[in-house]
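Student: Here it is: the structure, laid out below.
The values are calculated or read from the model by the stated rules, or taken from the named source; none is laboratory data. No experiment lies behind these values; they were computed from the predicted model shown. Neighbour counts run over all protein chains shown; Cβ positions are idealised from the backbone, glycine included. These accessible areas exclude ligands, DNA and RNA; they are computed on the full protein's heavy atoms, side chains included. Shrake-Rupley method; radii C 1.70, N 1.55, O 1.52, S 1.80 Å.
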Amino acid sequence: MKSRLGVNVDHIATLRNARGESHPDVHKSAKIVKSSGADSITIHLREDRRHIKDNDLIKINKKLRIPLNLEMAPTNEMLKISLKHRPDYICIVPEKRTEITTEGGLNLKKNSNFLKKAICELKKKEIRTSLFIEPNPESVLNANKLGAECIEIHTGKICNLINKRKKYSKEFKKILNSVKYANNLGIEVHAGHGITFRSAKILSKIKGIEEFNIGHFIIGESIFIGIKNCIKKFKKIIK
């Protein structure tokens, strides 16, 4: 199975917003990402709009001919926006105003009523919906009970261990077992958060991960080798 690559362009917007102007252009970057071989574009429209803005969503969704994956918090405001603009894909993620970046998977029990409703409403609009979860059997089973046909496994912990040259076999097994369990339940599995070239090589050994979503590292590494070369290298690793 050839895994897909989704590229998150949030941090192009972070750089743009640092000066409160229009450069670098997020839509232009998304076009380059598309032409470089990415299979989809990911953007996270946060409640505080700290990077991606509503106009970015509108422009990319209307004008760019590549699947758009919109990350959203489990709130009625974000569900309303998603149903209005109807991106190709939705990934529901936890969100805290104080966090620098997403810190972990969804609390599926706490958000169960909303998630069940959201998955149902998004399905009616034929929007593929994934839940961002921790790599453990309980989370996989709860996602299945909520009606999710797709999950994205939070890979932040294993990636941090790999970056620090620490032992990661325990986390690797957690992800491996979660992927197997999800596949047995008929759930499509994605992986994302903190992935680098090194961790992508390790994670790509796990059969059953259909999509890798990578953002911060691609944008950062592009300063040194260019965005096209960075995407091509990831595509080669995960194929």
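Student: May I ask you to say which residue of GLU71, GLU77 is within 21 Å of CYS120 (Cα to Cα), at pLDDT 95 or above and in contact with a His (Cβ under 9 Å, 6 or more places away or on another chain)?
Tutor: GLU71
Student: From ILE60, ILE66, grab the single residue that is closer than 16 Å to VAL7 by Cα, of a type outside the set (Gly, Ala, Ser) and in a loop (DSSP other than H, G, I, E, B).
Tutor: After ruling out the rest, the residue left standing is ILE66.
Student: If I ask for residues that are surrounded by fewer than 18 Cβ atoms within 10 Å (Cβ to Cβ) and either charged (D, E, K, R) or out of contact with any Phe, Trp or Tyr (no Cβ under 7 Å at 6 or more places or on another chain) (or both), which ones from the stretch 128-143 would you list?
Tutor: Matches in the stretch 128-143: ARG128, ASN136, GLU138, LEU141.
Student: Follow-up question, since we're still on this one. Being touching a helix residue (DSSP H, G or I) at 6+ places or on another chain (Cβ under 7 Å), over 17 Å from PHE234 (Cβ atoms), open to solvent by 20 Å² or more (accessible area, probe 1.4 Å) and without any contact (Cβ under 8 Å) to a residue 12 or more places away in the chain narrows it down to one of HIS27, HIS23, so name that one.
Tutor: HIS23
Student: While we're here: Report yes if LYS201 is surrounded by fewer than 17 Cβ atoms within 10 Å (Cβ to Cβ) and either more than 19 Å from the chain's Cα centre (by Cα) or part of a helix (DSSP H, G or I) (or both), otherwise no.
Tutor: yes
Student: Could you check how many residues of the stretch 136-194 are part of a loop (DSSP other than H, G, I, E, B), under 15 Å from the mean Cα position of the chain (by Cα) and of a type in the set (A, V, I, L, M, F, W, C)?
Tutor: Within the stretch 136-194, residues that are part of a loop (DSSP other than H, G, I, E, B), under 15 Å from the mean Cα position of the chain (by Cα) and of a type in the set (A, V, I, L, M, F, W, C) number 0.
Student: Given (1) without any contact (Cβ under 8 Å) to a residue 60 or more places away in the chain; (2) in contact with a strand residue (DSSP E or B) (Cβ under 6 Å, 6 or more places away or on another chain), where does GLU47 come up short, assuming only one miss?
Tutor: In the conditions (1) without any contact (Cβ under 8 Å) to a residue 60 or more places away in the chain; (2) in contact with a strand residue (DSSP E or B) (Cβ under 6 Å, 6 or more places away or on another chain), GLU47 misses (2) alone.
For (1) more than 22 Å from HIS190 (Cβ to Cβ); (2) assigned to a helix (DSSP H, G or I); (3) β-branched (Val, Ile, Thr); (4) without any contact (Cβ under 8 Å) to a residue 40 or more places away in the chain, each residue gets a yes or a no:
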residue: ILE32; (1), (2), (3), (4): yes, yes, yes, no
residue: GLY37; (1), (2), (3), (4): no, no, no, no
residue: CYS91; (1), (2), (3), (4): no, no, no, no
residue: LEU115; (1), (2), (3), (4): no, yes, no, no
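Student: Against the condition surrounded by fewer than 22 Cβ atoms within 10 Å (Cβ to Cβ) and at pLDDT 95 or above, how does GLU95 come out, does it pass?
Tutor: No: the conditions fail for GLU95.
Student: Another question, if that's okay. Only one residue in LEU70, LEU45, LEU64 is open to solvent by less than 20 Å² (accessible area, probe 1.4 Å) and in contact with a Phe, Trp or Tyr (Cβ under 9 Å, 6 or more places away or on another chain), so which one is that?
Tutor: LEU70
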